[in-house]
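Note sheet for the following structure.
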Amino acid sequence: MAFCNNCGAGLQEGKSFCSACGASVLPSAAPGQQQGPQQQYQQGPQQQQGPQQQQGYQQQGYQQQGPQQQQQGYQPGQGYQPGQQPGQQPGQQPGQRPGQQSGQQTIDQISGFLKNTTDYTNDMDPADIEKSKMMSTLAYILFFLPLFTVPESKFGRFHANQGLLCLILWVVGTIARQIISSIIYLISRRLGFLVTIASLVIWVPIAAFWIIGLLNAYNGKAKDIPLVGNIRIIK
């Protein structure tokens, strides 16, 4: 039997108010039904924490991706330049391969070696240069021609010396080739291709020095040929 919460009098079944004091009586919920709101209330915050956890996870993932993205860009101490693409070496042109870059540097070094020789043109008399230019050019065929045709010419004697140096290089190259070829053929006749390679290594530089000296004389320049041009035999 139920009792009134206000006066404690017994309540008749089916009545919605107390017959003694007239207070309204609400039906009491079952124990199982009272736990429903509590469970719903307890589950509510947990469901609200889901988006926060997901947002925190996304922020954590963003922080982890940040250093990786920075590694692909500018890094101190690596010579990074504005406009440089990832993986591009300093000084390398866009779309240029590392092998092409090193090959171009080798060509530039060889060109600098051939061109950067001592120039004595300013020490020569322009009239003497113009007078002995032809004989000085022929000195690279017969080095002694300027000594007989223009013996007093400083420009002619300079190129007579250069022509003599080219002749000495040719004689030394011929002897070196004969020695190398003899050694190679003693080892095996099948290694004959090495003789061809050795000949190119010897004759190509000598020919280049000879052409450079001849062009210098023809153009009225008193420049040393590379490598041995500073040696003075004829003064």
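Below, the figures for the structure above:
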| read-out | value |
| --- | --- |
| ILE212 under 29 Å from ILE110 (Cα atoms), surrounded by fewer than 17 Cβ atoms within 10 Å (Cβ to Cβ) and of a type in the set (A, V, I, L, M) | no |
| Residue that is farthest from the chain's Cα centre (by Cα) [pool: residues in region 142-161 that are in a helix (DSSP H, G or I) and not hydrophobic (A, V, I, L, M, F, W, C)] | THR149 |
| Unique match (being of a type in the set (A, V, I, L, M) and farther than 29 Å from SER136 by Cβ) among ILE202, ILE175, ILE212, ILE180 | ILE180 |
| Top-ranked residue in region 146-204 [being without any contact (Cβ under 8 Å) to a residue 40 or more places away in the chain and basic (Lys, Arg); ranked as nearest to LYS131 (Cα to Cα)] | LYS154 |
| Filter result (crowded, with 18+ Cβ neighbours inside 10 Å and over 23 Å from PRO205 (Cα atoms)) within region 148-175 | VAL150, SER153, PHE155, GLY156, ARG157 |
| Flag for LEU147 being closer than 17 Å to LYS235 by Cα and of a type outside the set (D, E, K, R) | yes |
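Rundown of residues vs (1) crowded, with 17+ Cβ neighbours inside 10 Å; (2) in a loop (DSSP other than H, G, I, E, B); (3) at pLDDT 75 or above; (4) not aromatic (Phe, Trp, Tyr), yes/no style:
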site: SER102; (1), (2), (3), (4): no, no, no, yes
site: GLN109; (1), (2), (3), (4): no, no, no, yes
site: PHE113; (1), (2), (3), (4): no, no, no, no
site: ALA127; (1), (2), (3), (4): no, no, yes, yes
site: LYS133; (1), (2), (3), (4): yes, no, yes, yes
site: SER136; (1), (2), (3), (4): yes, no, yes, yes
site: TYR140; (1), (2), (3), (4): yes, yes, yes, no
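The values are calculated or read from the model by the stated rules, or taken from the named source; none is laboratory data. In this text the structure is predicted, and so the values were computed from the model without any measurement. Positions of Cβ are backbone-derived with ideal geometry, glycine not excepted, and every protein chain shown enters the neighbour counts.
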